[in-house]
1. Tyr293 versus (1) open to solvent by 10 Å² or more (accessible area, probe 1.4 Å); (2) part of a loop (DSSP other than H, G, I, E, B): which is the lone unmet condition?
2. Search the stretch 273-315 for residues being more than 20 Å from the chain's Cα centre (by Cα) and basic (Lys, Arg), and hand back the single one that is modelled with the highest pLDDT.
3. Does at least one position in the stretch 300-317 carry a residue that is in contact with a Phe, Trp or Tyr (Cβ under 6 Å, 6 or more places away or on another chain) and not in a loop (DSSP other than H, G, I, E, B)?
4. State which residue pairs qualify: first residue in contact (Cβ under 8 Å) with a residue 60 or more places away in the chain and inside the stretch 159-173, second residue surrounded by 19 or more Cβ atoms within 10 Å (Cβ to Cβ) and hydroxyl-bearing (Ser, Thr, Tyr) in any location, beta carbons under 6 Å apart, and separation of 6 or more residues or different chains.
5. Within the stretch 179-216, can you find the residues that are within 16 Å of ligand 2 (Cβ to nearest atom) and closer than 20 Å to Gly251 by Cα?
6. Taking the stated definitions as given, is Pro322 within 16 Å of ligand 2 (Cβ to nearest atom), touching a residue at least 60 places away in the same chain (Cβ under 8 Å), open to solvent by 30 Å² or more (accessible area, probe 1.4 Å) and not aromatic (Phe, Trp, Tyr)?
7. For Glu269, state whether it is within 12 Å of ligand 1 (Cβ to nearest atom), farther than 21 Å from Leu388 by Cα and open to solvent by 10 Å² or more (accessible area, probe 1.4 Å).
Amino acid sequence: MDMDEDGTVFTAARVATMVPGNAPYGLLEDAAFAVSDGWIVWLGPEAALPAHLQSWPRTEFGDTLVTPALIDAHTHIVHGGNRAREFALRLEGASYAAIARAGGGILSTVEATRQASVDGLVAAALPRLDALLDEGVATIEVKSGYGLDLETERRMLVAARHMAEHRAVRVRTSFLGAHALPPEFQGEADRYIDFVVKDVLPALADDGLIDAVDGFLETIAFDAAQIERVFQAAVDLGLPVKLHADQLSDGGGGVLAARFNALSADHLEYLNPSGVAAMAAAGTVAMLLPGAYYTLRETRTPPVAALRAAGVPMAVATDCNPGSSPLTSLLLAMNMACTLFRLTPEEALAGTTRIAAKALGIDGEVGTLEVGKRADFAVYAVEDPAELSYRIGFNPLVDRFVGGLA
Ligand code: DI6
Ligand code: FE
């Protein structure tokens, strides 16, 4: 036998390939797929398994559902400290923006993160990561943005990448230098943006630590002109962009993101109709983050019906962060996206698989189960794929494979 061609055949009663087509969820029943060297080399009805694959070792999942492994495409999972005290303050009536303006919020996490070593950041993040992986996640995006100086931003990105040495997970890193104005630049936002585009971004890009560049466009963060300078610097370095847009107010974030062909625009509670149209034209993913909406007790939902009608692809993520979304369950984010934002369960699963991959620019490799993609998949003890979004606080994961390995 040609050893190069060796691999494993997996079978299951149901495989949600998430390949768009006629069947909801791209569902195949009594399915088989063959994996060689971590890649899917054949997939179809078990009855049609080609002769040359019949002799490969088999792993039979029986009466289960196999899906593409989940992708959490927006997290701030690497950070120091926590903000439980702020949680209590908000319950007493203080707003997220008021706490931020008073120097709490993101800046209190910056203080804790600046004091942490790479190892300390990894150790703090691993239990949160494990909670995600235990539900079937195999790829996560991790943002910097709690350092706001060169060395701490670097430590955050290094810690994010190190997680992939401790666990079987693919990590994509986003540089979020334009997250908040650090105390040493108070009153000098433009000078801070100079520092970000001239000193921090080029150095960390040079270290190979950045897969995409993010920003926070908001009245409590940076304005459009400042974000544009960061985006231009990213484009000059050949890096794709994404944006925290229109979360707490309409800042024209959707249009700005689309103008730079952003991979995604995220949050979008206040996205306006021109933003919807611009994102549709640019193919920018709408990244919905119901955990932040829920935590901040927002009342205005993203314009899901308009996004759907315009054909804007919608992703769903945890936004795992210590302030506005201390959430480490992507299945719960899917449930919230359905119940709070009115996504269908099929849209929610696409939003954490195929569309999440697109939001990270890695849809050529992961996000669906088909020939030529990585064998990253999750095995769940559920009948109907809608159960993944339907249950609250229940984990049906049976097994998780990354690159064909359990
Ligand atoms: N929007 C968010 O959801 C996070 N950052 C941002 O710009 C929240 C960050 C935090 O509150 O720590
Ligand atoms: Fe965020």
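The values are calculated or read from the model by the stated rules, or taken from the named source; none is laboratory data. For clarity, every value in this text was computed on a predicted model and none was experimentally measured. Cβ atoms come from the backbone with ideal geometry, glycine included; neighbour counts cover every protein chain shown. Ligands, DNA and RNA are excluded from the accessible area calculation, which covers all protein heavy atoms including side chains. Shrake-Rupley method; radii C 1.70, N 1.55, O 1.52, S 1.80 Å.
1. (2)
2. Only one residue tops the list, namely Arg300.
3. There is at least one residue in the stretch 300-317 that is in contact with a Phe, Trp or Tyr (Cβ under 6 Å, 6 or more places away or on another chain) and not in a loop (DSSP other than H, G, I, E, B).
4. Sorted first by the residue in the stretch 159-173, then by its partner, the pairs are Ala160/Thr173; Arg170/Thr139.
5. Hits for the stretch 179-216 are His179, Ala180, Val213, Asp214, Gly215, Phe216.
6. Working: within 16 Å of ligand 2 (Cβ to nearest atom): yes; touching a residue at least 60 places away in the same chain (Cβ under 8 Å): yes; open to solvent by 30 Å² or more (accessible area, probe 1.4 Å): no; not aromatic (Phe, Trp, Tyr): yes.
No.
7. Working: within 12 Å of ligand 1 (Cβ to nearest atom): yes; farther than 21 Å from Leu388 by Cα: yes; open to solvent by 10 Å² or more (accessible area, probe 1.4 Å): no.
Considered against the rule, which asks whether it is within 12 Å of ligand 1 (Cβ to nearest atom), farther than 21 Å from Leu388 by Cα and open to solvent by 10 Å² or more (accessible area, probe 1.4 Å), Glu269 comes out as no.
Residues are listed down the side, and each one gets a yes or a no for (1) open to solvent by less than 30 Å² (accessible area, probe 1.4 Å); (2) more than 16 Å from ligand 2 (Cβ to nearest atom); (3) within 27 Å of Leu263 (Cβ to Cβ):
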position: Val78; (1), (2), (3): yes, no, yes
position: Gly103; (1), (2), (3): no, yes, no
position: Gln115; (1), (2), (3): no, yes, no
position: Leu121; (1), (2), (3): yes, yes, yes
position: Ala138; (1), (2), (3): yes, yes, yes
position: Glu141; (1), (2), (3): yes, no, yes
